[in-house]
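*Asks:* Below is a structure I'd like to ask you about.
The values are calculated or read from the model by the stated rules, or taken from the named source; none is laboratory data. As the structure is a computational prediction, the values presented were derived from the model and not from experiment. Here Cβ is always computed from backbone atoms with ideal geometry, including for glycine, and neighbour counts include all displayed protein chains.
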Amino acid sequence: MRWNNWSQTASCQPTYFHRPETKQQILDILAYARLHEENVRVVGEGRSMSDIACTDGHMISLERFCRILNTERESGKVKVESGITLGILNERLNEVGLALPNLPSVSQLSVAGAISTGSHGTGIAFGILSTHVVELELITSSGTELTCSRKENSDVFLAALCSLGALGVITTVTFQCEHSFYLDAVRFPLPIESVLGDINKIVSAAEHVKIWWFPHTDKCIVWQANRARHPPTSTSSTINLRKKLHEIADTVVGYYSVDMSYHLSHYSPRVVPYLNRLYRRLLFNSSRAEFDLSYKVFCLDNLVQQYIHSCSIPLQNVHKAIHSIKKMILEKKYTLHFPVQITFVSGDDIWLSPAYGGDRAFISLVMYKPVGRDTHLKCFTEFEQKMSSLGGRPHWGLFKEWDLSKCKSIYPKFDDFVKMREKLDPQKLFNNQYLQRIFGDC
């Protein structure tokens with residue numbers, strides 16, 4: 001069979017495709033691959049846009065390995081099998097009055113995939129998703145089962161929390177959750193220069209903040225959200241009607257119309273700046289408030305296939321980064337689609353985390369797939385170079401051109417991770433072309 005990721009940006013033809021339902025089945029697959037010296041890669045929902053999951057050997061899909069194993073409501077600890085998606089987990093947590101503290105905007109991610117690539121939400125006091133993990137279980141290439149936490153196998157834990165699938169198969173993950181909460185969110189338009197000039201104040205003005213800048217314009221949207229423990233005391237029919245109309249507009253205009261327009265603009269890319277201005281006026285020209293359960297506000301799943309490249313940079317370099325992107329667009333005539341998104345996370349100590357060592361801002365470029373197929377690589381490569389000069393680190397799941405020389409220079413714990421990989425997978429059972437680029441002949 002031929003496997004393709006969701007966005008159709010990576011594909012492969014594994015010799016074997018497995019859908020295990022038990023840990024023993026995973027152990028049996030690894031034993032067979034080990035005996036026959038065949039490679040293994042694990043895939044969740046296939047939402048990574050790089051070739052990180054690709055293999056010509058054994059592909060293990062975790063789609064059926066997706067149970068909730070234990071829930072401790074008082075402590076907030078929840079143990080799950082690693083193939084469960086964030087979307088399903090969010091619903092199940094809400095049923096027992098719990099929630100994850102922060103979430104990526106995409107909910108169709110497997111838990112293992114999300115933490116292995118450093119997926120993140122936004123909020124300068126909140127880390128990437130992996131920082132909410134208190135324990136995980138890992139099967140190494142030898143079939144050894146390890147329980148890892150900050151108290152047990154702590155070095156393996158800090159490596160495995162963002163491991164690119166290079167250390168073994170993550171079978172279970174235990175999250176530290178909190179009691180269910182609502183988010184009181186608002187978004188409003190501002191000139192991008194006003195935001196950049198007061199970025200520290202903007203970032204600290206709410207618990208969760210993100211910025212959408214519309215390329216080829218001087219406008220952006222600031223989104224801010226704060227926690228609330230109780231629902232509104234009453235909801236009028238007018239408010240419900242307005243919410244429903246917004247949902248219809250977002251679907252009809254924000255999905256079908258955008259998809260069709262950008263597809264047609266492939267034949268005339270010069271119309272893209274006009275489309276960006278049009279959709280900003282139609283969808284984002286006024287303020288909008290939202291109040292709902294946290295996961296329903298955090299998650300803004302995108303239905304349009306697209307190319308995305310994202311890098312994290314030190315918070316103080318956001319102003320320089322956006323100006324550099326604006327200059328790149330003007331000089332190279334790139335037709336960049338909306339939005340350029342800026343999100344914020346706190347620093348951590350996870351070895352290959354894009355936020356290792358200090359607070360970071362993630363800057364993400366978007367080029368819709370039907371349109372960007374001829375130009376996105378050149379644009380993204382230049383974007384990557386510019387972000388690299390500002391201390392940039394990649395989002396591991398979104399682009400595939402980073403290599404050994406770049407990674408060694410930007411990750412202080414990279415050599416430690418390489419040694420851990422040698423220890424846990426000496427025969428390179430979990431190797432593929434993606435990891436070969438990252439780790440070279442290590």
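*Asks:* How many residues does the stretch 343-363 contain that are hydrophobic (A, V, I, L, M, F, W, C) and either under 14 Å from the mean Cα position of the chain (by Cα) or under 16 Å from A125 (Cβ atoms) (or both)?
*Replies:* 6
*Asks:* Right, here's the next one. If I ask for residues that are in a loop (DSSP other than H, G, I, E, B) and at pLDDT 85 or above, which ones from the stretch 329-344 would you list?
*Replies:* Matches in the stretch 329-344: K333, Y334, P339.
*Asks:* Can you tell me which of L69, L30 is closer than 20 Å to L89 by Cα, out of contact with any helix residue (DSSP H, G or I) (no Cβ under 7 Å at 6 or more places or on another chain) and either part of a loop (DSSP other than H, G, I, E, B) or not hydroxyl-bearing (S, T, Y) (or both)?
*Replies:* L69
*Asks:* Then there is this: What number goes with the only condition from (1) small (G, A, S); (2) within 25 Å of the chain's Cα centre (by Cα); (3) surrounded by fewer than 20 Cβ atoms within 10 Å (Cβ to Cβ) that A31 does not pass?
*Replies:* So the condition that A31 fails would be (2).
*Asks:* Do we find that R19 is surrounded by fewer than 17 Cβ atoms within 10 Å (Cβ to Cβ), under 21 Å from E145 (Cβ atoms), in contact with a Lys or Arg (Cβ under 7 Å, 6 or more places away or on another chain) and not β-branched (V, I, T) in this structure?
*Replies:* Yes: the conditions hold for R19.
*Asks:* Still on this structure, please answer the following. Out of the residues in the stretch 302-314 that are out of contact with any Gly (no Cβ under 6 Å at 6 or more places or on another chain) and modelled with pLDDT under 95, which is surrounded by the fewest Cβ atoms within 10 Å (Cβ to Cβ)?
*Replies:* Here the residue is L303.
*Asks:* Further question: Out of all the residues in the stretch 44-51, is one or more exposed (fewer than 15 other Cβ atoms within 10 Å of the Cβ) and among the acidic types (D, E)?
*Replies:* no
Yes/no per residue for (1) surrounded by fewer than 22 Cβ atoms within 10 Å (Cβ to Cβ); (2) assigned to a helix (DSSP H, G or I); (3) of a type in the set (D, E):
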residue: L103; (1), (2), (3): no, no, no
residue: Q108; (1), (2), (3): yes, no, no
residue: A114; (1), (2), (3): no, yes, no
residue: A125; (1), (2), (3): yes, no, no
residue: T131; (1), (2), (3): no, yes, no
residue: L146; (1), (2), (3): yes, no, no
residue: K151; (1), (2), (3): yes, no, no
residue: D155; (1), (2), (3): yes, yes, yes
residue: R187; (1), (2), (3): yes, no, no
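*Asks:* Being out of contact with any strand residue (DSSP E or B) (no Cβ under 9 Å at 6 or more places or on another chain) and more than 21 Å from A355 (Cα to Cα), is that true of even one residue in the stretch 136-150?
*Replies:* The answer is yes; a qualifying residue exists.
*Asks:* Scan the stretch 1-16 for residues that are in a strand (DSSP E or B) and loosely packed, with under 14 Cβ neighbours inside 10 Å and jot them down.
*Replies:* If the condition is that a residue be in a strand (DSSP E or B) and loosely packed, with under 14 Cβ neighbours inside 10 Å, then N4, S11 are the ones that fit.
*Asks:* Can you tell me which residue in the stretch 388-436 is surrounded by the most Cβ atoms within 10 Å (Cβ to Cβ), limited to those that are at pLDDT below 95, in contact with a Phe, Trp or Tyr (Cβ under 7 Å, 6 or more places away or on another chain) and assigned to a helix (DSSP H, G or I)?
*Replies:* C407
*Asks:* From (1) assigned by TED's automatic domain parsing to the domain that holds L138; (2) surrounded by fewer than 23 Cβ atoms within 10 Å (Cβ to Cβ), pick out the condition that doesn't hold for V78.
*Replies:* The failed condition is (2).
*Asks:* Another question about this same structure. Hey, among the residues in the stretch 366-383 that are out of contact with any Lys or Arg (no Cβ under 9 Å at 6 or more places or on another chain) and assigned to a helix (DSSP H, G or I), which one's modelled with the highest pLDDT?
*Replies:* F383
*Asks:* Could you list, in sequence order, the residues of the stretch 308-339 that are under 20 Å from G357 (Cα atoms) and either among the polar types (S, T, N, Q) or without any contact (Cβ under 8 Å) to a residue 12 or more places away in the chain (or both)?
*Replies:* Those that are under 20 Å from G357 (Cα atoms) and either among the polar types (S, T, N, Q) or without any contact (Cβ under 8 Å) to a residue 12 or more places away in the chain (or both): S310, S312, Q316, N317.
*Asks:* Related question: Among the residues of the stretch 34-55, which ones are within 25 Å of the chain's Cα centre (by Cα) and in a loop (DSSP other than H, G, I, E, B)?
*Replies:* Answer for the stretch 34-55, where residues must be within 25 Å of the chain's Cα centre (by Cα) and in a loop (DSSP other than H, G, I, E, B): G44, E45, G46, R47, S48, M49, S50, D51, I52, A53, C54, T55.
*Asks:* Right, here's the next one. Looking at L129, L167, L100, L161 in this structure, which one is within 24 Å of I52 (Cβ to Cβ), over 18 Å from the mean Cα position of the chain (by Cα) and not β-branched (V, I, T)?
*Replies:* L167
*Asks:* What pairs can you find where one residue is in the stretch 194-211 and within 16 Å of F298 (Cβ to Cβ) and without any contact (Cβ under 8 Å) to a residue 24 or more places away in the chain, the other is of a type in the set (D, E, K, R) and surrounded by 12 or more Cβ atoms within 10 Å (Cβ to Cβ), and their Cβ atoms are less than 9 Å apart, with a gap of 6+ or different chains?
*Replies:* No pair meets every condition.
*Asks:* Can you tell me how many residues in the stretch 246-301 are surrounded by 15 or more Cβ atoms within 10 Å (Cβ to Cβ), closer than 25 Å to L103 by Cα and at pLDDT below 75?
*Replies:* Number satisfying all stated conditions: 1.
*Asks:* Please name all residue pairs, on different chains or six or more residues apart, with Cβ atoms under 6 Å, provided the first residue is in the stretch 421-442 and is at positive phi and the second residue is crowded, with 21+ Cβ neighbours inside 10 Å.
*Replies:* Within 6 Å, no pair qualifies.
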